[in-house]
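Novice: Have a look at the structure that comes next, please.
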Amino acid sequence: MVLYIIIVFVIIGLVLITLMIVNNQSSYQLLYSTQAYYLAEAGVEYGLMQLSSDPMWLVDSDALSFDGTDDYVNVRDSSSLKVTGSLTVEFWIKPTNIAKGRQNILDKAYGGEFAFTQETNGSISFYYGTCGGRCTPYQGFGSGANSVVQNEWHHFALVRNLTNMMLYWYKDGNLLTSTAAAYASATASTYNVTIGYGYTGVYYQGIIDEVRIYNRALTQEEIQYSYNYKMPLNRTGLVGWWKFASGYTSIDSSGKGNNGTVYGATSTTGVYKPSPVGLAAGTGFNPLGQSNCSFSVSFMATAVQNGLLTSVSSVEAKQVISLDKAPAQRVVSVNVPRIY
């Protein structure tokens, strides 16, 4: 009889212990799920706050408009701008009169270091040579017909890689065409860098933004990053960077002090412009029991791609922001691993 009573109490004790363990597990699951919920929500809020306040994204929303008559930017020659080896030049342009004919975008010696012209057929030509001035010999290399579209923004990058003796044209982060480089070096020039004007004597008609010059060959990954973010991935070799932002339109942001002087060109809206951001309605989470707690929120903005990673305790929230360019829409997704 005593043994029977002991067995009953043991069974009751085991049941109670099992219930306590199950309850504790359920409580921890609920705790971590709740923590994941608020962490995800905080991650999105943090991301939106950064997007709406980070000057990297929003302050530089301006560009320079050139009327095609007498507008240009003049940058005095300097030792850092004498780039005779590998070179990368990139810029955003929005032409407003392609039919006008050949127009200079950027120039520092047609037969020397580099020169860029926009052609009537919508291509962009690049020239460099070995005489150090506006003369022969030189090599021309075009981006291809219809590369530029009137009243549309596009990003172009020319890479002169004299390590492998190749020239590359990129448009919107994608390789357009390539060809063998004719000369193992360019001749240094004493000419100034001019933006919106050059050796042809024809002023550019349109909008130019984010002009950069590097004394090295950028990789395609770097060029794609620049296109997506409107920022350099790696500033090594950057010798000239003109953002054309309002208030400091001619300032060189490369740190080399190659500031310019603006003649006639006026500030206007740049490639990206600021847009109000906020959480959209209808956010929802996966049901309990799923391996991930996730939701997404969308808002309209002409912006770029970015990734953020934050963590609280042992729960990790990963926020990924991607861009759908047509229409321009950011989609913010948060995935929070649950811990059981």
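Novice: Across the range 141-164, which residue is surrounded by the fewest Cβ atoms within 10 Å (Cβ to Cβ) among those that are assigned to a loop (DSSP other than H, G, I, E, B) and not polar (S, T, N, Q)?
Specialist: The extreme case among them is Glu152.
Novice: Considering the range 192-220 alone, what residues qualify as being among the hydroxyl-bearing types (Ser, Thr, Tyr), modelled with pLDDT of 95 or more and either open to solvent by less than 30 Å² (accessible area, probe 1.4 Å) or over 19 Å from the mean Cα position of the chain (by Cα) (or both)?
Specialist: Matches in the range 192-220: Thr194, Tyr197, Tyr203, Tyr204, Tyr214.
Novice: Looking only at the range 237-255, count how many residues are surrounded by fewer than 19 Cβ atoms within 10 Å (Cβ to Cβ) and at pLDDT 95 or above.
Specialist: So the count comes out to 1.
Novice: Quick one: how many residues across the range 170-224 are closer than 16 Å to Thr117 by Cα and touching a Lys or Arg at 6+ places or on another chain (Cβ under 7 Å)?
Specialist: Here the count works out to 7.
Novice: Give me the residue from the range 173-191 that is closer than 26 Å to Ile251 by Cβ and open to solvent by 20 Å² or more (accessible area, probe 1.4 Å) and, out of that set, farthest from the chain's Cα centre (by Cα).
Specialist: The residue in question is Thr190.
Novice: Here is a further query. Kindly indicate which of Gly132, Gly111 is in contact with a Cys (Cβ under 9 Å, 6 or more places away or on another chain), surrounded by fewer than 23 Cβ atoms within 10 Å (Cβ to Cβ) and modelled with pLDDT under 95.
Specialist: After ruling out the rest, the residue left standing is Gly111.
Novice: Could you give me the residue pairs with C-beta distances under 6 Å whose first residue belongs to the range 131-159 and is within 20 Å of Tyr197 (Cα to Cα), whose second residue is among the polar types (S, T, N, Q) and open to solvent by 20 Å² or more (accessible area, probe 1.4 Å) wherever it lies, and which are 6+ apart or on separate chains?
Specialist: From residues that are within 20 Å of Tyr197 (Cα to Cα), the pairs are Gly132/Thr187; Phe141/Thr179.
The values are calculated or read from the model by the stated rules, or taken from the named source; none is laboratory data. Since the model is a prediction, treat every value here as computed from it, not as a measurement. In this analysis, Cβ positions are derived from the backbone assuming ideal geometry, glycine residues included, and neighbour counts consider all displayed protein chains. Surface areas here come from the heavy atoms of the whole protein model, side chains and all, with no ligands, DNA or RNA. Shrake-Rupley method; radii C 1.70, N 1.55, O 1.52, S 1.80 Å.
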